[in-house]
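Structure first, then comments.
The values are calculated or read from the model by the stated rules, or taken from the named source; none is laboratory data. The model shown is predicted, which means the values in this text are computed figures rather than measured ones. Please note: Cβ atoms are built from the backbone with ideal geometry, for glycine as well, and neighbour counts cover all protein chains shown. Ligands, DNA and RNA are stripped out before the accessible areas are found, and what is left, the full protein with its side chains, is counted by its heavy atoms. Shrake-Rupley method; radii C 1.70, N 1.55, O 1.52, S 1.80 Å.
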Amino acid sequence: MLRLEKVNAFYGHIQALHEVSLEVAEGEIVCLIGANGAGKTTTLMSIMGVVSTPQGKILFEGEDITGRPTPSIVHKGISCVPEGRRIFPQLTVMENLDMGFYPRRDRPAEFEEDLERVFRLFPVLEERKDQLGGTLSGGQQQMLALARGLMARPKLLLLDEPSLGLAPLLVEQVMESIVEINKQGTTVLLVEQNALMALEISHRGYVLETGTITISGESGKLMADAQVRSSYLGT
Amino acid sequence: MAELAIVLQQIVAGLALGSIYGLVALGYNFIFNAVGIVNLAQGDFVMLGGYIYGGTLTLLLGLPFLPALLLTAIAMAIFGIVSQRIVYYPLRDAHPRMVMLSTIALGIFLKNISLIAWGTYPVSVSGLFGQRGLRIAGVSILYQYIFILVCVIILLAIQQYFFKKTTLGKSMRAVAQDRLAAMLMGIDAYKMIAITFAYSSTLAAIGGVLLAPVFMVSQVLANVGLKGFAACVIGGWGDITGAVIGGLVVGLVEVFSASYISSVYKDAIVFAILIGFLIFRPQGILGRATEVSL
Amino acid sequence: MNNSKLRNTCLVGIFVLLALAEPLITSRFYKFVLALAVINVIMVTGLHVIFGLTGQIFMGMAGFWGIGSYILALATTKMGLGFWPALLLSSLGVGFMGLVLGIPTLRLKGYYLSITTIGFGEITRFILMNWSAVTGGVFGVFNIPRPNFGSFVLTNDVHFYYFSLALAALLAVIASVLEDSKYGTAFKGVRDDELAADAIGIDSTGIKVMAFMTCGLFVGIGAGLYSSLLTYISPEVFTLEESFRFVTMVLVGGIGFLPGAVIGAVVLTFLPEMLRFLQAWYLAIYGLIVLGIVIYQPGGIAGALQGFLERRRLARGEEKQYGTA
Amino acid sequence: MRRIVGLVLAVALMATCSVYAADPVYIGAMGAITGGSAISGEQASQGLILAEEDINAAGGVLGRPVKIIMEDSRGLPTGGVTAARKLIFQDNVVGIIGCHQSTVVMAIEPLIRQEGVICMAKGSADMITAAGNPWIVRVREYDTLAASAKVRHALDKGYTRFAIFHNTDQFGEGGRQNLIDALARHGLEPVAVEAHNTGDKDFTAQLLNIRRADPEVLIVWTHGDEHALICRQVAQLLPDVQYYGSMAITQWSSIQMAEGTSEGAYTTSPYSYLNPDPDVQAFVKRHQERFGRPPETFTVLYYDSAMMLAEAIRRAGTTDRAKVLEELKKIKGWKGVSGIEYSFDERGEAFNELFICRIENQQPVIIEKVSVN
């Protein structure tokens, strides 16, 4: 579904990604793990077209989307839940969800249906639908961010550190919902620092080190890999 | 009785002035709500609108009111998009202080280029109502002021509806609050910003058209920008109703302080109140607008 | 060459050039403009501390300028003070104003701070104009004395120029020492990221107050010299446009680089006089130039210079590589 | 191609030079070309353009052409001091005409005295000539003259309750003081005194305060833009009070801006474009053809000043400033295109007469000419 071929990305003069290649097949959860600053977020931002003109090739459903403007990528069916959630603090929960629906605003009839779906997934949002986004708790904001991403009914959902800053119990809850989302038919590319969690729920994984993919494979195998264990799983 | 008439007249004058400031404040507010920046050339945009309407379309080409208003609005909308391209877009990722400086520089340029384009004589046009007005119980009100107040209320309602109910409005607010996140929602942020500038320039155009008959158009007209800014702060940034209420408050403060404290210090008093609000109540009178990180 | 060494070299170069420039300028008109330019250098050195180092857009320079000018003018003409104590008084007075202005504006950031300082400048002008009992109101203050050394009075513009230049150089040294001190680091910390500065234990509010006060002390001296140079001042000079002109000087020179600000002050004092032939077009073109700099050369003259040096260094480095190969 | 153009240019240049073989005599002028009062600078420069043409058409002075250099003072003392230095040190002018802001004149006064340059001031404040600077003469009505003429005229009409509304700048403050003094000479006091700042747009508060005092006469002392707006608002708020304006309300542009609300107002003015005097009408016609509108007061005052200065240079037979000044001060009964006869007195004042005008049918009609004595 998504394929990156030898992608290089730059911030100013600094090269952040070196020939990164990876693949996400339909129906999968693929995780991308790595240390802070390894280039995980940059990879996602390159896919989303936020990093200006990356080199290499980014294919989505066989179509080259390298360097396309972000909105058109979103309209193709990729949604991204960015790091730090970045919900709109001055919009209500409903309005935030409304923004998530933006790529499909020409089909207003489906709005209610989608709304119901995300409210089923995150009932707490329905209770607080008229509250301003900024007044939600951290966990609720994360749920809102996920829900907002889902409102676009994406084929592929990119998640950037969804567990960051959440209490362990909430992390579990969020991970469960990611699995649930996947089961409902959304392909997921998950970026996580919490490697154990990520590997547990994903089908395959990639390890990114200073802008280069060093290890890749099925999640179960990665968890067994000695190097991964020592570097990322702390065992 | 005579005293009552005087006080009523003062209130009328304050509300009349206030509705003008409120009108300008709506323009600030719009850009702020959509881009999260303050266009310090907003007053100069009003002046430019006034010149285009009064100097060029009315006096030079002799157009009647409505076509002149429409053409001014269109011209200013285009101008807004162009100036957005020049003063905002190149600085979209720079520190906000650079945007602030660039809008000030744009203001200086506009003031002085208009001096060359339209000359040094103030442009005076009669508008729809000229100097005619109502007289009730010793209180006189120019029709033009009533017209302005009506326009402000209509624009307020439109703006309120637009930002709260329409997808376009909501996505503009989203862009202002978090541009990256908005882009990740598939919102074309830069198109939104261009629309924003176009609309707020149109608001400025309407301001210029409405003000021309009561204040005349000259470079001094651009000074309403600062009062409009004060109105925004007092009403609370980002709050649309607050902007208009802030405008009315500034107008009333100005008239009453000129009447009972000092006519020469009235602007100083408005500034002092503005500073007081900035320091002690940055969320404005209504206190609905949450903290602004400018 | 590190930054402070580059700065010192540039400053020495500029001041030496300024000292040597005077005999080369034959026109007495431009000699006077030169004196004005040096006064502006002093003012901008003050603004550099707030704007260049601490990153706060201070739009109330006209207020500081007006207060300083009036303190010296009134102290000499009404209170009968000599020039020197009056100059000290105007420096301390404006420094105190900086403190007073700084404290309530502690909490303000960005636009709010700038607008507050605009308000401050305008209120100052209204007071200077209308508080006639003290300031003489719109009629201004006459017969302000020139500086004197004993009985030798600097009535000659050229003498005045060298005197101001010496003061400006002294203040530039003080500003440089300040910049290299721990306070300078704190100033820059606040400029680059206020939140981060707070996080590493810099008292960003206290630092901002200090920047305002330092600016006031400097501007007070420049303002005092200004009213002495002109011998007559009146309040309508101290407008918002003038405040913006000073900000522009720093901007054109390059934010955060003192020699840039100094060059900016000199260039922008001479530019309007040299563009006089443009008459009404001058201010429009001026606005355009500022706009161009903000957008296309935000580093100002200093930024262009540093870019040039860097490119040359790179070019030279390559040459060396070839040489050793 | 370029060579041909160069050749043509050279020939043209030589042709010009042969007409005026000598260096021109420079006359300086100052006015606000930019800034809030740029309108007066534009008026002044139009007068100077015509004056330069006329002087040179009459053969220049001393066999040399005259070049008038107008510098921008921005209407501010800061701009004024550099502009004056430019004119004196760079252009070596015989004299400076202007500026029309008293505060600018006062700012350059020490320089004028020190360098010995003629200054034909256009500010109206009394202190300009009171400063005792021998190099300053004034070709404009001064505040005392205008104030006492207005007060006397109103008193003759039987009014006794006066209100004053003035600008807070030097012009307005001077006017206020002079009006109060003039009233005091008749044993009167104003019933209300109100002020406004330059650039103000709404005057309701002040006018209502004045209404409380119930005056018969309102004397307004301010500039053109504000005047027009005050006229409009007075028509709303004080319709029954007799309006006395400053010279500005006789200006063609100001009458247009007032949109009929200045009707019936009186003022003192050194000039009205309605003056039937043939000299005035000839000038009005010429100006109208050239610039598309009648000349304003500053236009004729700058014009007259330049003509008188040129005449003084001719009479002195030299550009020596002291000698020219001496001749200038000897000018008596010089008839200007303003319609006034200028005679310099020992203080350096050229004005000792003034018109009382009334706005009738949107025209500044001259009612009478009053003189100082």
Item to complete: Go through C:Leu283, C:Leu251 for me and flag whichever is closer than 24 Å to C:Gly66 by Cα, modelled with pLDDT under 80 and out of contact with any Cys (no Cβ under 6 Å at 6 or more places or on another chain).
Response: C:Leu283
Worksheet item: Does any residue of the range D:225-237 turn out to be closer than 23 Å to D:Val139 by Cβ and either β-branched (Val, Ile, Thr) or surrounded by fewer than 23 Cβ atoms within 10 Å (Cβ to Cβ) (or both)?
Response: no
Response to the item:
The condition of being part of a strand (DSSP E or B) and open to solvent by 40 Å² or more (accessible area, probe 1.4 Å) holds, among D:Arg293, D:Arg358, only for D:Arg358
Practice prompt. Look at D:Glu259 and say whether it is within 24 Å of the chain's Cα centre (by Cα), charged (D, E, K, R) and surrounded by 22 or more Cβ atoms within 10 Å (Cβ to Cβ).
Written response: no
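How many residues, within the range D:130-147, are among the small types (Gly, Ala, Ser) and touching a strand residue (DSSP E or B) at 6+ places or on another chain (Cβ under 9 Å)? Show your work before the answer.
Narrowing the range D:130-147 to residues among the small types (Gly, Ala, Ser): D:130-132, D:146-147.
With the extra rule that they be touching a strand residue (DSSP E or B) at 6+ places or on another chain (Cβ under 9 Å), the set shrinks to D:146-147.
Within the range D:130-147, residues that are among the small types (Gly, Ala, Ser) and touching a strand residue (DSSP E or B) at 6+ places or on another chain (Cβ under 9 Å) number 2.
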Response to the item:
When restricted to B:Leu142, B:Leu66, B:Leu155, the only residue surrounded by fewer than 20 Cβ atoms within 10 Å (Cβ to Cβ), out of contact with any Cys (no Cβ under 6 Å at 6 or more places or on another chain) and away from chain C (no Cβ under 14 Å) is B:Leu66
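Does A:Thr66 fit the bill of being in a helix (DSSP H, G or I), modelled with pLDDT under 90 and polar (S, T, N, Q)?
Details: in a helix (DSSP H, G or I): no; modelled with pLDDT under 90: yes; polar (S, T, N, Q): yes.
For A:Thr66, the condition - in a helix (DSSP H, G or I), modelled with pLDDT under 90 and polar (S, T, N, Q) - is not met.
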Item to complete: Could you tell me which residue of the range D:320-342 is farthest from D:Leu62 (Cα to Cα), considering only residues that are open to solvent by 50 Å² or more (accessible area, probe 1.4 Å) and not in a helix (DSSP H, G or I)?
Response: D:Glu341
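B:Leu115 - would you say it is closer than 28 Å to C:Gly287 by Cα, open to solvent by less than 40 Å² (accessible area, probe 1.4 Å) and free of Cβ contacts under 8 Å to residues at least 40 places away in the same chain? Explain how you work it out, then say what you get.
Working: closer than 28 Å to C:Gly287 by Cα: yes; open to solvent by less than 40 Å² (accessible area, probe 1.4 Å): yes; free of Cβ contacts under 8 Å to residues at least 40 places away in the same chain: no.
No: the conditions fail for B:Leu115.
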Practice prompt. Might you check whether a residue that is in contact with a Lys or Arg (Cβ under 7 Å, 6 or more places away or on another chain) and small (Gly, Ala, Ser) occurs anywhere in the range A:58-67?
Written response: no
Item to complete: May I ask you to list the residues in the range A:21-35 that are at pLDDT 90 or above, within 20 Å of A:Glu209 (Cβ to Cβ) and more than 13 Å from the chain's Cα centre (by Cα)?
Response: A:Ser21, A:Leu22, A:Glu23
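Every residue, every condition in (1) among the hydrophobic types (A, V, I, L, M, F, W, C); (2) within 14 Å of another protein chain (Cβ to nearest Cβ); (3) more than 29 Å from A:Ala25 (Cβ to Cβ), yes or no:
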residue: A:Arg105; (1), (2), (3): no, yes, yes
residue: A:Phe111; (1), (2), (3): yes, yes, yes
residue: A:Leu115; (1), (2), (3): yes, no, yes
residue: A:Phe122; (1), (2), (3): yes, no, no
residue: A:Gln141; (1), (2), (3): no, yes, yes
residue: A:Gly149; (1), (2), (3): no, yes, no
residue: A:Pro154; (1), (2), (3): no, yes, no
residue: A:Asp160; (1), (2), (3): no, yes, no
residue: A:Leu166; (1), (2), (3): yes, no, no
Practice prompt. Please enumerate the residues belonging to the range C:215-238 that are among the aromatic types (Phe, Trp, Tyr) and either modelled with pLDDT under 90 or closer than 18 Å to C:Phe32 by Cα (or both).
Written response: C:Tyr226, C:Tyr232
Worksheet item: Of everything in the range D:92-101 that's at pLDDT below 90 and open to solvent by 10 Å² or more (accessible area, probe 1.4 Å), which residue is farthest from the other protein chains (Cβ to nearest Cβ)?
Response: D:His100
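For the range D:173-191, does any single residue satisfy the condition of being at pLDDT below 90 and either assigned by TED's automatic domain parsing to the domain that holds D:Gly41 or of a type outside the set (Phe, Trp, Tyr) (or both)? Walk me through it before giving the result.
Here is the first cut: in the range D:173-191, the residues at pLDDT below 90 are D:173-174.
Now drop any that are not either assigned by TED's automatic domain parsing to the domain that holds D:Gly41 or of a type outside the set (Phe, Trp, Tyr) (or both), which leaves D:173-174.
Taking every residue of the range D:173-191 in turn, at least one turns out to be at pLDDT below 90 and either assigned by TED's automatic domain parsing to the domain that holds D:Gly41 or of a type outside the set (Phe, Trp, Tyr) (or both).
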Discussion item. Which pairs turn up if I take residues in the range C:161-183 that are open to solvent by 80 Å² or more (accessible area, probe 1.4 Å) and look for partners that are modelled with pLDDT under 95 with beta carbon separation below 7 Å, at least 6 apart in sequence or on another chain?
Written reply: C:Asp180/C:Ser4; C:Tyr183/C:Met210
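Checking the condition among the aliphatic types (A, V, I, L, M), in contact with a Phe, Trp or Tyr (Cβ under 8 Å, 6 or more places away or on another chain) and in contact (Cβ under 8 Å) with a residue 40 or more places away in the chain, which residue from D:Ile112, D:Ile97, D:Ile136, D:Ile128 passes?
Details: D:Ile112 fails: in contact (Cβ under 8 Å) with a residue 40 or more places away in the chain; D:Ile136 fails: in contact with a Phe, Trp or Tyr (Cβ under 8 Å, 6 or more places away or on another chain); D:Ile128 fails: in contact (Cβ under 8 Å) with a residue 40 or more places away in the chain.
Answer to the selection: D:Ile97.
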Fill in: Filtered residues of the range D:226-247 (kept if away from chain B (no Cβ under 12 Å) and closer than 20 Å to D:Gln43 by Cβ)
D:Gly245, D:Ser246, D:Met247
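Pick from A:Ser216, A:Ser163: which is crowded, with 18+ Cβ neighbours inside 10 Å and either among the polar types (S, T, N, Q) or more than 19 Å from the chain's Cα centre (by Cα) (or both)? It would help to see each step written out before you state the result.
Details: A:Ser216 fails: crowded, with 18+ Cβ neighbours inside 10 Å.
Within the list A:Ser216, A:Ser163, the selection yields A:Ser163.
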Response to the item:
For C:Met59, the lone unmet condition from (1) outside any helix (DSSP H, G or I); (2) in contact (Cβ under 8 Å) with a residue 12 or more places away in the chain; (3) open to solvent by 30 Å² or more (accessible area, probe 1.4 Å) is (3)
Worksheet, complete the sentence: Selection from the range D:113-131 of residues at pLDDT below 90, open to solvent by less than 10 Å² (accessible area, probe 1.4 Å) and small (Gly, Ala, Ser) yields D:Gly123, D:Ser124, D:Ala125
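Looking at the structure I just gave you, is C:Val209 among the aliphatic types (A, V, I, L, M), open to solvent by 10 Å² or more (accessible area, probe 1.4 Å), touching a residue at least 60 places away in the same chain (Cβ under 8 Å) and part of a helix (DSSP H, G or I)? Quick ask: steps written out before the conclusion?
Values: among the aliphatic types (A, V, I, L, M): yes; open to solvent by 10 Å² or more (accessible area, probe 1.4 Å): yes; touching a residue at least 60 places away in the same chain (Cβ under 8 Å): yes; part of a helix (DSSP H, G or I): yes.
Taking the combined requirement at face value, the residue satisfies it.
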Practice prompt. Hey, can you tell me all the residues within the range B:166-183 that are open to solvent by 20 Å² or more (accessible area, probe 1.4 Å) and either of a type in the set (A, V, I, L, M, F, W, C) or assigned to a helix (DSSP H, G or I) (or both)?
Written response: B:Thr167, B:Leu168, B:Lys170, B:Arg173, B:Ala176, B:Gln177, B:Arg179, B:Leu180, B:Met183
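Quick one: count up the residues across the range D:223-242 that are among the acidic types (Asp, Glu) and either touching a helix residue (DSSP H, G or I) at 6+ places or on another chain (Cβ under 8 Å) or not assigned by TED's automatic domain parsing to the domain that holds D:Thr198 (or both).
Narrowing the range D:223-242 to residues among the acidic types (Asp, Glu): D:225-226, D:240.
Right, trim to either touching a helix residue (DSSP H, G or I) at 6+ places or on another chain (Cβ under 8 Å) or not assigned by TED's automatic domain parsing to the domain that holds D:Thr198 (or both) and you get D:225.
Final tally of qualifying residues: 1.
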Worksheet item: Does C:Arg125 count as more than 24 Å from the chain's Cα centre (by Cα), open to solvent by 10 Å² or more (accessible area, probe 1.4 Å) and within 14 Å of chain B (Cβ to nearest Cβ)?
Response: no
Response to the item:
Of D:Arg152, D:Arg185, D:Arg176, D:Arg212, the only residue that is of a type in the set (Lys, Arg) and either buried (at least 20 other Cβ atoms within 10 Å of the Cβ) or under 24 Å from D:Val104 (Cβ atoms) (or both) is D:Arg176
Discussion item. Suppose we keep only residues that are touching a Gly at 6+ places or on another chain (Cβ under 9 Å) and part of a helix (DSSP H, G or I) within the range C:101-113. Which one would you say is nearest to the other protein chains (Cβ to nearest Cβ)?
Written reply: C:Leu101
Worksheet item: Does D:Ala350 count as among the small types (Gly, Ala, Ser), within 23 Å of D:Ala146 (Cβ to Cβ) and surrounded by 14 or more Cβ atoms within 10 Å (Cβ to Cβ)?
Response: yes
